[in-house]
Amino acid sequence: MTVLVVTSDRFAAHDTGRWHPERAARLTATAAALRDPEFEGALRVIEPRPATDAELMLVHSAEHVGRIRVLANSGGGSIDADTPLVAASLPAALAAAGSGLSAIETLSAQPAGPPSPELDTAFCVVRPPGHHATATTAMGFCLFNNVAVSAAALAARGERVLIADFDAHHGNGTQDIFYGRDDVMMVSWHEFPQYPGSGRIEEMGAGRGLGTTLNIPLPSGATVEHYLASLEGPVGAAIEAFAPTWVLISAGYDGHRRDPLCGLALTDADFGALTGALLGWSTPGRRMLFLEGGYDLEALRDSLRATLSTITDAGLPPVDRPSWGGPGAEVIASLDAARRRLDLPA
Ligand SMILES: [Zn+2]
């Protein structure tokens, strides 16, 4: 199986300063994983096109897009204490937001299966990341919401889109953008409490969107056992009932046990297992991953490698064993109970 990798040298020019965890060196780590000889011939790498303002405005306000543009064109500055940008951040952010659009165009150009299309899955290896960017605000290292731009483009042509976000932080921006919609489902597993503070079980969507937002707020030290249990339980039931036609994964690797920003207990092997489980709800040629966080460079490299090994069926041995046990079972039980109270699939 071939993976379409969408990435660009432009991402390295988004200079966040010397001490920032979301730094250009992260791309060196991801490049090391992509260059692994085991993936020789299994990856097709393309350059993204920039997203247009009209595409960005499917999810962002015109004021937000204008503010980023003006700040970058004036030489740069800071949106908040965590989110700096320089002039070169604008082409980087536009290419990051356009990566998923390039992937959709390439994947959609293949004849529909069966047999399975040549390009099985796309992986947008981008920075800046996107999942904290709301309709109106850049925050948490994120300028434009890359995964949301793609989900909105797909939904606009009638697709039903699942966004599965396993970054260790709550994907508040993605949730915010689709909270009232019934054609985009957002599932977020994250450490709680943790930045940005949202992502409680009770946040389940509103109006027509009630039930299409699922949050799994896990305690520090949680292992992959509870991610997989949620997929066998209420999260899996919800996805099954939603019946997505495209699956988009916000793949953040800061849940790795060595990550300096977060306290979850995942290993590289877990990211492979979790990706495999999520892809079980998707159709070949209709699935994409987007790099979000992950701030320990070796953990990022190993976790990306394990993810690619799962997608390409390369069978590479992981560096660490799968995690298991630890706290978190009560969260899955609470989510199940909360959905049953509202008569939602659980
Ligand atoms: Zn994160």
* Asked: Is it the case that residue 32 is closer than 27 Å to residue 82 by Cβ, assigned to a loop (DSSP other than H, G, I, E, B) and hydrophobic (A, V, I, L, M, F, W, C)?
  -> no
* **Of residues in region 251-262 being more than 9 Å from the ligand (Cβ to nearest atom) and over 13 Å from residue 224 (Cα atoms), the one surrounded by the most Cβ atoms within 10 Å (Cβ to Cβ)** => 251
* Asked: Quick one: what pairs do we get from region 259-274, first residue polar (S, T, N, Q), second outside any loop (DSSP other than H, G, I, E, B), C-beta under 9 Å, 6+ apart or different chains?
  -> 267/224; 267/256; 267/299; 267/302; 267/303; 267/306
* Go over the candidates 310, 283 one by one and state the one that is among the polar types (S, T, N, Q), in a helix (DSSP H, G or I) and surrounded by fewer than 24 Cβ atoms within 10 Å (Cβ to Cβ). => 310
* Asked: In the set 301, 340, 305, which member is assigned to a helix (DSSP H, G or I) and free of Cβ contacts under 8 Å to residues at least 12 places away in the same chain?
  -> 340
* To do: Determine if region 182-190 includes at least one residue that is more than 30 Å from residue 72 (Cα to Cα), polar (S, T, N, Q) and within 15 Å of the chain's Cα centre (by Cα).
  => yes
* Among (1) part of a loop (DSSP other than H, G, I, E, B); (2) within 27 Å of residue 158 (Cβ to Cβ); (3) without any contact (Cβ under 8 Å) to a residue 60 or more places away in the chain - the single one residue 211 does not satisfy -> (3)
* Would you check if there is a residue in region 223-237 being buried (at least 19 other Cβ atoms within 10 Å of the Cβ), modelled with pLDDT of 95 or more, over 27 Å from residue 64 (Cβ atoms) and within 16 Å of the ligand (Cβ to nearest atom)? => yes
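The values are calculated or read from the model by the stated rules, or taken from the named source; none is laboratory data. None of these values were measured; they are calculated from a predicted model. Cβ: placed from backbone, ideal geometry, glycine included. Neighbour counts: every protein chain shown.
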